Amino acid sequence: MTFLRTKLRTTAAVALTIGTLALLPTSASAGTAAAPASLAGCGWNEGRGGERAYYEHCATDTNVWIQVKRWPRSNYHRCVGPGRTNLDADATGAWYDSNYRGGLCSHPGDTGD
């Protein structure tokens, strides 16, 4: 009879633990929280309301190469420093390109192929 009581208590404890865990927030829901305002605009930003598209480089101590996608003209690379860099009127996308010349550059405004 003691074995049966122990088994019942263990089963009840496991069920209670599972029920409690189901009510707790998961890491997935915690990961979907809004990004801090300082990171919200990092990277490519599409132009809106007559404003030109731009790339926001949020690091404060590096200059990096980005690839700028344009249509109908060809894509190119551009060196950007910290902060906002306005892009061409026909830019349709831009992203950090760590594979281009090692990803880092020296002179914001320089362009590559």
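The values are calculated or read from the model by the stated rules, or taken from the named source; none is laboratory data. Given the structure is predicted, the values throughout are model-derived calculations rather than measurements. For neighbour counting, all protein chains shown are included, and Cβ atoms are generated from backbone atoms with ideal geometry for every residue, glycine included. Protein only, heavy atoms only, side chains kept; ligands, DNA and RNA dropped before computing areas. Shrake-Rupley method; radii C 1.70, N 1.55, O 1.52, S 1.80 Å.
Kindly provide the set of residues from segment 58-88 that are of a type in the set (G, A, S) and either open to solvent by less than 30 Å² (accessible area, probe 1.4 Å) or under 15 Å from W44 (Cβ atoms) (or both), ordered by number.
Passing the criteria: G81, G83.
Answer yes or no as to whether G109 is at pLDDT below 95 and open to solvent by less than 90 Å² (accessible area, probe 1.4 Å). Even if it seems obvious, please write down each step before you answer.
Details: at pLDDT below 95: yes; open to solvent by less than 90 Å² (accessible area, probe 1.4 Å): yes.
It is true that G109 is at pLDDT below 95 and open to solvent by less than 90 Å² (accessible area, probe 1.4 Å).
Give me the pairs: first residue in segment 35-55 and under 21 Å from D97 (Cα atoms) and at pLDDT below 90, second residue assigned to a strand (DSSP E or B) and not small (G, A, S), beta-carbon distance under 6 Å, and six or more apart or on different chains, which are they?
From segment 35-55, the pairs are G41/E56.
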